[in-house]
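Colleague: Before anything else, here's the structure in question.
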Amino acid sequence: MERWKGRVALVTGASVGIGAAVARVLVQHGMKVVGCSRNVDKIEKLAAECQSAGYSGTLIPYKCDLSCEEDILSMFSAIKTLHQGVDVCINNAGLAHNEPLLSGRTEGWRSMIDVNVLALSICTREAYQSMKERNVDDGHIININSMGGHRVIPTADAHFYSATKFAVTALTEGLRQELREAKTHIRATCISPGIVETEFAFRHHNSDPEKAAAVYESIKCLKAQDIASAVTYVLGAPLHVQIGDVQMRPVEQVS
């Protein structure tokens, strides 16, 4: 991770959970981290904590609605103006709504596509263009996916979410192929966790907190820090090593 000191990383969905853990560990390793979210209060608090802890990097909070392309483009423009550009892009933001295929609302499906698929793709495109125009040939794009992107979760309220994560699996491999064809050494990686103990289940089952809590009480879950450790492992790999997909799940997780 030594070579990343002083360089710029964008972490989407950095206010809580995996995104916050990833932002923290990258700041610990000396990176300038732009952490974005629709609500930056928690990122501002995390930035103050990182500063108080004496970490060598910096966390820069940025308010961005990832469902709005104009917001994303404005964010990349600001990063270019203030920090030259993005060297590492961590597409972490993602959401799930309880919208089954047979009865779900189109609004909920569209929201998942906007954030889980389109925002990820827009950030990827803009990050690559930022690297290309500065002749950055060792950048890295990491998509935080899900085990739900490799097998269909056997519950109706997650089927559409799973479909968006299958898209992330395909997009990451397609990205790797396009980067290879462009004869660049920029790398693309997909990290696919199983059940991680964050606020995710409580947002997914927002009308049934007991059901959300039961998800995390059933087994010893992964922690957000486990995913952050996987990110540093991927970033710290030798430049000639392409880590395509890291699949992680709790030992006790059945599927």
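The values are calculated or read from the model by the stated rules, or taken from the named source; none is laboratory data. Keep in mind that this is a model prediction, so the values were computed, not measured. Please note: Cβ atoms are built from the backbone with ideal geometry, for glycine as well, and neighbour counts cover all protein chains shown. Please note that ligands, DNA and RNA were not included when accessible areas were found on the heavy atoms of the full protein model with its side chains. Shrake-Rupley method; radii C 1.70, N 1.55, O 1.52, S 1.80 Å.
Colleague: Say whether the condition of being on the phi < 0 side of the Ramachandran plot, open to solvent by 60 Å² or more (accessible area, probe 1.4 Å) and free of Cβ contacts under 8 Å to residues at least 40 places away in the same chain is met by at least one residue in the stretch 81-96.
Modeller: Taking every residue of the stretch 81-96 in turn, at least one turns out to be on the phi < 0 side of the Ramachandran plot, open to solvent by 60 Å² or more (accessible area, probe 1.4 Å) and free of Cβ contacts under 8 Å to residues at least 40 places away in the same chain.
Colleague: If you take just the strands (runs of 3 or more DSSP E) that sit entirely in the stretch 7-65, which of them hold at least 1 residues that are modelled with pLDDT of 95 or more and open to solvent by 60 Å² or more (accessible area, probe 1.4 Å)?
Modeller: 32-37, 58-63
Colleague: Modelled with pLDDT of 95 or more, among the hydroxyl-bearing types (Ser, Thr, Tyr), under 26 Å from residue 103 (Cβ atoms) and open to solvent by 10 Å² or more (accessible area, probe 1.4 Å): which single residue out of 207, 146 fits that description?
Modeller: None of the other options fit; the residue is 146.
Colleague: Next question. Just one of (1) open to solvent by 30 Å² or more (accessible area, probe 1.4 Å); (2) at pLDDT 90 or above; (3) touching a helix residue (DSSP H, G or I) at 6+ places or on another chain (Cβ under 8 Å) trips up residue 155, so point out which.
Modeller: Condition not satisfied by residue 155: (3).
Colleague: If only one of 133, 107 is among the acidic types (Asp, Glu), free of Cβ contacts under 8 Å to residues at least 60 places away in the same chain, under 16 Å from residue 161 (Cβ atoms) and surrounded by fewer than 16 Cβ atoms within 10 Å (Cβ to Cβ), which one is it?
Modeller: 107
Colleague: Name the helices (runs of 4 or more DSSP H) wholly within the stretch 88-190 that hold at least 3 residues that are small (Gly, Ala, Ser)?
Modeller: Passing ranges, in order: 120-133, 159-181.
Colleague: Just one of 198, 189, 184 is at pLDDT below 95 and closer than 23 Å to residue 246 by Cα; which is it?
Modeller: Residue meeting the stated conditions: 198.
Colleague: What is the number of the single condition among (1) within 14 Å of the chain's Cα centre (by Cα); (2) surrounded by fewer than 20 Cβ atoms within 10 Å (Cβ to Cβ) that residue 120 does not meet?
Modeller: Among (1) within 14 Å of the chain's Cα centre (by Cα); (2) surrounded by fewer than 20 Cβ atoms within 10 Å (Cβ to Cβ), the lone unmet condition for residue 120 is (2).
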